[in-house]
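Data block below; observations after.
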Amino acid sequence: MERGVGLSTESDSELMIQILCLPPDAPNNETNDHPDWPARIKNLMRRTKTAYALLIMSGDTIYAVRDPYGLRPLCLGKLVAPRGSIGSDEEGCDGYVVASESCAFPSVAGRLLREVEPGEIVEITRKGIRSICIVPRPEGHKPALCIFEYVYFARPDTSMEGQMVYTARMECGRQLAKQAPVDADVVSAVPESATPAAIGFAQESGIVYREVFCKNRYVGRSFIQPSTRLRQLAVLKKFGPLSHNFKDKRIVLIDDSIVRGTTIAAIIRMLREAGALEVHIRIASPPLHHPCYMGINIPTKEELIANKSNAEELAEQVGADSLVYLTVENLEYAVKKHSNTNGKYVAHCTACLTGNYPVELEW
C-alpha cells in the first residue's frame with residue numbers, strides 16, 4: 001500500500017499476492033521474462049511474520065510454504081499406485097500432493113511423506129520434490145504450532161509431529177481424569193471432537209463409556225455461527241439425546257473447549273430433560289482467555305465466557321453439577337507425550353490460553 005497498490009477484497013491472501021508481485025530486495029536471478037519465485041517467496045516471508053501455509057503455482061512448478069513459526073500445519077504426500085500383484089507391497093509414485101492435514105491423502109490414494117518444516121520452501125516439479133531453504137525465525141523465538149489443532153481443529157486421523165491427533169486427544173482425557181476425578185456412572189462426550197478425550201477419561205477412571213447423543217452430521221460447527229440465536233439453533237439441530245444410555249444416571253460429559261458457553265448450556269438442558277441425574281462437565285482444554293490474531297475467528301476478550309466467570313460460577317450458569325478445565329501444563333504434557341519428531345525441538349502457540357503470542361502484537 002506504501003507503493004500505491006490498492007486492494008479489492010478484505011482477504012489477507014490478496015495482500016500476500018501483492019507482495020509476491022514485488023521484485024525481491026535481496027540478490028536474485030530474475031529476468032524480464034522469468035521471475036525468481038524462491039527469492040520472491042523469501043521476500044514475502046521476511047515481510048509477513050506469521051501465520052500461513054501456502055501453495056503457490058507458477059507454470060508447472062508448485063511451491064509449498066510454511067511460515068517460520070509453523071503455526072499452521074502443512075504436509076507432503078505422494079500419489080501411489082500398486083505395481084505388483086494383488087497383495088504386493090510394491091508401489092510407484094504417480095505424483096505429489098500437499099495438504100494441511102495428512103488425513104486428506106488416503107482418499108486420493110496418497111501416502112504421507114513428511115511435514116513441511118516451519119519456514120521451509122519446498123519446490124515440486126515433474127522431477128520430484130526439492131527443499132529450497134528454511135527461512136529462520138528471529139533469534140530466541142520458538143516454533144509455535146497452534147495447540148488448538150490438537151484440541152479441536154484437526155481431524156483425529158491426521159498425523160502431526162509424529163503422532164495421531166486422536167492419540168493426543170485420548171491422552172488429554174487421561175490427564176483430565178487424573179486431575180479432576182468424579183463419582184459417576186457414565187462417561188460420554190459432546191461428539192465428535194471430544195470423543196477421544198472421553199474414551200481416555202473412561203479408561204483412566206474405570207467408568208464405563210456410553211454415547212449420550214446421536215449427532216446430525218449435516219449441521220456445521222456451532223461455535224463459528226455469527227449470532228447467539230444461530231448457535232443455539234445449531235445445537236438443537238445437531239444433537240438428539242440417547243436417553244436409554246443415561247436415564248437416572250450420573251454423567252461425566254467431556255467437551256473439547258468452551259468458547260461462549262452457549263452450546264454447553266443447551267446440551268446440559270437436553271440431558272436433564274431426558275432423565276440425567278447429574279451432569280458433570282470436564283473440558284479437555286484450558287479456558288480461553290484471549291482472542292486469536294493468527295487467522296482463527298475466536299471472539300473478543302469480552303465475548304469469551306472464561307473472562308466473565310470462573311469454573312464454579314460457569315457451572316452454576318450452564319446448569320452443571322461441576323465443571324473443571326484441563327490445565328495448560330497438562331495439555332502441553334498430553335500433546336508432547338506421544339510425539340515423535342526425531343529429536344527436533346517442538347513448541348506450541350498457547351496465546352488464546354495464556355496471552356503469550358509467538359510474535360509481538362503491533363497495536
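Here are a few things to note about the model shown:
- Residue ID - farthest from the chain's Cα centre (by Cα), chosen from residues in region 241-254 that are surrounded by fewer than 21 Cβ atoms within 10 Å (Cβ to Cβ) and in contact (Cβ under 8 Å) with a residue 12 or more places away in the chain: Asp248
- Selection of first residues in region 179-195 that are under 19 Å from Tyr150 (Cα atoms) and of second residues that are acidic (Asp, Glu) and assigned to a loop (DSSP other than H, G, I, E, B), restricted to Cβ pairs under 6 Å at least 6 apart or on distinct chains, gives the following pairs, ordered by first then second residue: Ser193/Asp256; Ala194/Asp256.
- Look at (1) more than 18 Å from Leu326 (Cβ to Cβ); (2) part of a strand (DSSP E or B) and you find that Arg282 fails only one, number (1).
- The set of residues in region 280-303 being among the aliphatic types (A, V, I, L, M), within 20 Å of the chain's Cα centre (by Cα), surrounded by 17 or more Cβ atoms within 10 Å (Cβ to Cβ) and closer than 19 Å to Ala194 by Cβ consists of Ile283, Ala284, Leu288, Ile298.
- Candidate set: region 135-173, residues that are closer than 21 Å to Lys42 by Cα and touching a residue at least 24 places away in the same chain (Cβ under 8 Å); chosen: the one surrounded by the most Cβ atoms within 10 Å (Cβ to Cβ): Ala144
- Residue count for region 319-347, restricted to those that are surrounded by 18 or more Cβ atoms within 10 Å (Cβ to Cβ) and under 17 Å from Pro196 (Cβ atoms): 5
- Within region 41-71, the set of residues being assigned to a loop (DSSP other than H, G, I, E, B), without any contact (Cβ under 8 Å) to a residue 60 or more places away in the chain and either of a type outside the set (Val, Ile, Thr) or within 18 Å of Ala154 (Cβ to Cβ) (or both) comprises Gly59, Asp67.
- Residues that are part of a strand (DSSP E or B), surrounded by 14 or more Cβ atoms within 10 Å (Cβ to Cβ) and not basic (Lys, Arg) within region 107-130 comprise Gly110, Leu112, Leu113, Glu115, Glu120, Ile121, Val122, Glu123, Ile124, Ile129, listed in sequence order.
- Some residue of region 295-310 being among the charged types (D, E, K, R), in contact (Cβ under 8 Å) with a residue 24 or more places away in the chain and outside any loop (DSSP other than H, G, I, E, B): no
- Strands (runs of 3 or more DSSP E) contained in region 167-264 and holding at least 3 residues modelled with pLDDT of 95 or more: 186-189, 250-255
The values are calculated or read from the model by the stated rules, or taken from the named source; none is laboratory data. All values reported here derive from a predicted model rather than from experimental measurement. Positions of Cβ are backbone-derived with ideal geometry, glycine not excepted, and every protein chain shown enters the neighbour counts.
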